[in-house]
Amino acid sequence: MKAYTKPVLAIILILLADQALKIWIKLNMTLGQEFKFLGDRGMIHFTENNGMAFGMEFGGVAGKLALTLFRIVAVSLIGYGVVYLIKKKYHRGLILNVALIFAGALGNIIDSTFYGILFSESSYFQPAKLLPEQGGYAGIFQGKVVDMFYFPLVQGTFPSWFPIWQNEEFIFFRPVFNIADAAISIGVIAILIWQKRYFKEEKVEESYPHSEIIEE
């Protein structure tokens with residue numbers, strides 16, 4: 001059970017932080033409202049999306065349902081993977097990073113699955129309400145994912161000689177994301193960086209019995 005302590009603790013902490021921040025923002029902020037903590041380079045900016053991580057979209061009711069169900073299947077497999085890695089005593093860093101991916105995926109699934117029935121619609125004029133008398137803004141599996149972290153670190157305009165996007169405005173980093181997205185990204189990037197360490201094959205030294213020479 002000791003091997004489960006850190007991964008389970010990481011999953012719980014990420015889920016609690018992710019959901020606590022999302023719920024606070026839903027109940028206290030209007031869409032588009034923002035609080036700057038790094039000037040124009042870092043802010044809390046409330047937005048919602050119907051689709052995948054970092055605000056990417058997967059349109060339509062059917063598409064939304066398919067995406068949420070796919071997420072549930074995927075997070076179940078990732079959860080199984082965490083248990084498998086622990087049982088097989090894989091590298092602790094790998095186990096922890098897969099746990100981060102699991103926690104992030106589960107955090108966004110909670111939004112997609114339950115937020116539609118738990119909250120009223122967020123608008124540009126007033127925050128949402130929890131468990132409104134008239135019911136939520138959507139059915140089960142049709143909730144929107146809450147995003148809030150926005151870091152437009154570099155802003156400018158592509159030069160006129162630049163192909164395709166000449167003279168167009170660019171912002172880096174444009175996507176708005178949440179704690180769950182960050183956990184997934186950290187887990188994936190860490191695995192890619194340290195994959196040789198995590199998946200290195202241990203060379204097993206073969207030992208051969210010494211032959212005994214029997215002199216007649």
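Assorted remarks:
- Of the strands (runs of 3 or more DSSP E) entirely within the range 139-190, those holding at least 1 residues that are hydrophobic (A, V, I, L, M, F, W, C), farther than 28 Å from Ile23 by Cα and out of contact with any Lys or Arg (no Cβ under 6 Å at 6 or more places or on another chain) occupy 154-157, 169-172.
- Residue pairs whose Cβ atoms lie under 6 Å apart, sitting 6 or more positions apart in sequence or on different chains, and linking a residue in the range 120-132 that is closer than 12 Å to Lys144 by Cα to a partner that is surrounded by 13 or more Cβ atoms within 10 Å (Cβ to Cβ), are Ser120/Ala128; Ser120/Lys129; Ser120/Pro132; Ser120/Tyr137; Glu121/Tyr137; Ser122/Leu31; Ser122/Ala128.
- Of the numbered criteria (1) of a type outside the set (Val, Ile, Thr); (2) modelled with pLDDT of 95 or more; (3) surrounded by 17 or more Cβ atoms within 10 Å (Cβ to Cβ), the one Leu16 fails is (3).
- Boolean, Thr30 is over 19 Å from the mean Cα position of the chain (by Cα) and either among the hydroxyl-bearing types (Ser, Thr, Tyr) or in a loop (DSSP other than H, G, I, E, B) (or both): yes
- Residue pairs whose Cβ atoms lie under 8 Å apart, separated by 6 or more positions or on different chains, with the first residue in the range 152-163 and over 25 Å from His45 (Cα atoms) and the second in a strand (DSSP E or B) and of a type in the set (Ser, Thr, Tyr), do not occur.
- Residues of the range 2-53 satisfying the condition of being at positive phi and without any contact (Cβ under 8 Å) to a residue 24 or more places away in the chain: Gly39
- Among the residues of the range 91-108, those identified as under 10 Å from Ala180 (Cβ atoms) and of a type in the set (Gly, Ala, Ser) are Ala103, Gly104, Ala105, Gly107.
- Count of the range 80-132 residues which are surrounded by fewer than 22 Cβ atoms within 10 Å (Cβ to Cβ) and of a type in the set (Asp, Glu): 1
- Criterion (assigned to a helix (DSSP H, G or I), touching a residue at least 40 places away in the same chain (Cβ under 8 Å), at negative phi and in contact with a helix residue (DSSP H, G or I) (Cβ under 9 Å, 6 or more places away or on another chain)) met by exactly one of Leu94, Leu65, Leu85, Leu69: Leu94
- Tyr137 within 26 Å of Ala105 (Cβ to Cβ), touching a strand residue (DSSP E or B) at 6+ places or on another chain (Cβ under 8 Å), aromatic (Phe, Trp, Tyr) and without any contact (Cβ under 8 Å) to a residue 40 or more places away in the chain: yes
- Any hit, the range 112-129, residues being in contact with a strand residue (DSSP E or B) (Cβ under 7 Å, 6 or more places away or on another chain), modelled with pLDDT under 95 and not in a loop (DSSP other than H, G, I, E, B): yes
The values are calculated or read from the model by the stated rules, or taken from the named source; none is laboratory data. Computed from a prediction, not measured in an experiment: that's the story for all the values here. Counting neighbours? That spans all protein chains shown, and the Cβs are built from the backbone with ideal geometry, glycine included.
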